[in-house]
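Q: Before I ask anything, here is the structure I am working with.
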Amino acid sequence: MRRLAFLFGLALLGACSTTLEDMVPTSTPSAPASGVAGKAPRYGDSNPHDWQGAAPWHYAVHGTDVSKYQTSVDWAQARASGISFAFIKATEGGDRVDDYFHEHWRDAKAAGVPRGAYHFYYFCRPAVEQARWFIRNVPKDPSALPPVLDMEWNPLSPSCKLRPPPETVRTEMSIFLKTIENHYGKKPIIYTSIDFFDDNNLSTFHGYPYWLRSVAGHPSKRYGPHPFTFWQYTGTGIVPGIRGKADINVFNGTQAAWSNWLRQNTR
């Protein structure tokens, strides 16, 4: 009986060991070749997606983007949780500045979080007018990340629901991007969503790094082989230091690649 009990105990230990291995994988599933990552922050999410394959937490470098809807942010706490960069809404159209832009811009830098500013494009204003508005309101800070042009449809706008043809959209984008690049001396980044990307044939719009929104699948499944530098993977994340729902992004590369990218794009 004692021998049987001993053998039963060994079997039970083996079963428990297998269960633990299933719960905590000993190897990381494959991530895209261009974005291999080691251990990284893994934030909570109030509406999580069931990621398959190359999940966001397989990427080494995570960041956020904020606007007035996040109100004040405890940037030191966000940084301590693993936030490595932030994109901050600055302007919209040709006459609006985000209510919290100056606070976010100042406090993120004070906490040591690399940050850049973005402009939300408004289809009822000429591109050059919008670029000048952005330049008027966003400081020329050599330590800042490159500026971002946020291109997406805005069907909920109370004043402008225009959807210009793709050729017009791409022309206006070129004007805006070239104007701010000339001023800040940095290649701007294009942020966009799946529908806007497809509607305007942005797969043919080259020469700029892309920040792609894809909250229900890896960008390679939603945008095909189109290259990207940043990926926004959720708008319902939970980040310490940020009230309510948080946008969370990853940099498409290793920690070493991120350090190199920062050296090339900030001073």
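Q: Only loop residues by DSSP count here, and only those with at most 11 other Cβ atoms within 10 Å; note down the trypsin sites (Lys or Arg not before Pro) in region 139-193 that meet that.
A: Details: sites: K140, K161, R170, K178, K186; in loops: K140, K161, K186.
Filter output for region 139-193: K140.
Q: Comparing S203, S157, S67, which has the greatest mean-square fluctuation in the GNM of the chain with Cα pairs linked when under 10 Å apart?
A: Most flexible of the set in this elastic network: S157.
Q: For the chain, report the translational diffusion coefficient in µm²/s to the nearest whole number, using Stokes-Einstein at 20 °C, 1.002 mPa s, and a Kirkwood Rh over Cα pairs.
A: 107 µm²/s
Q: Oh, and also: Helix-derived [θ] at 222 nm for the chain: sum -39500 (n - 2.57) over DSSP H runs of at least 4, divide by residue count, nearest 500?
A: -10000 deg cm²/dmol
Q: Now a separate question. Can you tell me how region 222-267 classifies by the Cα gyration tensor, rounded, prolate or oblate, using a/c under 1.5 as the rounded cut?
A: It comes out oblate by the Cα gyration axes.
Q: Hydropathy at least 0.5 by Kyte-Doolittle, axial extent at least 18 angstrom from the Cα trace: which helices of the chain, defined as entire DSSP H runs, fit?
A: 2-23
Q: Given +1 on the Cβ of Lys and Arg, -1 on the Cβ of Asp and Glu, and no further charges, what dipole in debye does the chain carry about its Cα centre, rounded to the nearest 20? Don't jump to the answer; show the numbers that get you there.
A: Values: 28 positive and 23 negative charges, 125 e Å.
Approximately 600 debye in magnitude.
Q: If you count the DSSP beta bridges with both ends in region 191-267, what percent of them are antiparallel, to the nearest 5?
A: Antiparallel: roughly 50 percent of the beta bridges in region 191-267.
Q: Moving on to the next point. Please label the shape of region 123-240 as rounded, prolate or oblate, based on the square roots a ≥ b ≥ c of the eigenvalues of the alpha-carbon gyration tensor (a/c under 1.5 means rounded; beyond that, a/b larger than b/c means prolate, else oblate). Working shown, then result.
A: On the way: a/c = 1.43, a/b = 1.17, b/c = 1.22.
Because its axes are fairly even, with a/c under 1.5, region 123-240 counts as rounded.
Q: If the elastic network links every pair of Cα atoms under 10 Å, which of P240, P41, P165 fluctuates the most in the Gaussian network model of the chain?
A: With Cα springs under 10 Å in the chain, the top fluctuation among P240, P41, P165 is at P165.
Q: For K140 paired with Q52, estimate the spin-label separation in nm (one decimal), with each label point 7 Å from Cα along the Cα-to-Cβ line.
A: It is 5.0 nm.
Q: Same structure, new question: Can you work out the Karplus-derived ³J(HN,Hα) for every residue in region 55-67? Use 6.51 cos²θ - 1.76 cosθ + 1.60 with θ = phi - 60°, whole Hz, and x for glycine or proline.
A: So the J values, rounded to whole Hz, are 7, x, 6, 7, 9, 7, 10, 10, x, 9, 9, 9, 8.
Q: Indicate the gyration tensor shape class of region 96-151 (rounded, prolate or oblate), computed on the Cα atoms with a ≥ b ≥ c the square roots of the eigenvalues: a/c under 1.5 is rounded; otherwise a/b larger than b/c is prolate and the rest oblate.
A: Details: a/c = 2.32, a/b = 1.98, b/c = 1.17.
Verdict is prolate for region 96-151.
Q: Right, here's the next one. Run the numbers for D198 and D99: contour at 0.36 nm per residue of separation, minus the present Cα-Cα distance, in nm.
A: The span from D198 to D99 would gain 32.5 nm if fully extended.
Q: Still on this structure: Ignoring ligands, DNA and RNA, what accessible area per residue does the chain give at 1.4 Å, in Å²?
A: 51 Å²
Q: For region 189-229, with all protein chains present and a 1.4 Å probe, just round the carbon and sulfur fraction of the accessible area to a whole percent.
A: Carbon and sulfur together cover 54 percent of it.
Q: Here is a further query. Given points 7 Å out from each Cα along the Cα-Cβ axis, report the R125 to H183 separation in nanometres with one decimal.
A: 1.1 nm
The values are calculated or read from the model by the stated rules, or taken from the named source; none is laboratory data. Here the structure is a predicted model, which means the values were calculated and not measured. Note that we place each Cβ from the backbone using ideal geometry, even for glycine, and neighbour counts take in every protein chain shown. Surface areas here come from the heavy atoms of the whole protein model, side chains and all, with no ligands, DNA or RNA. Shrake-Rupley method; radii C 1.70, N 1.55, O 1.52, S 1.80 Å.
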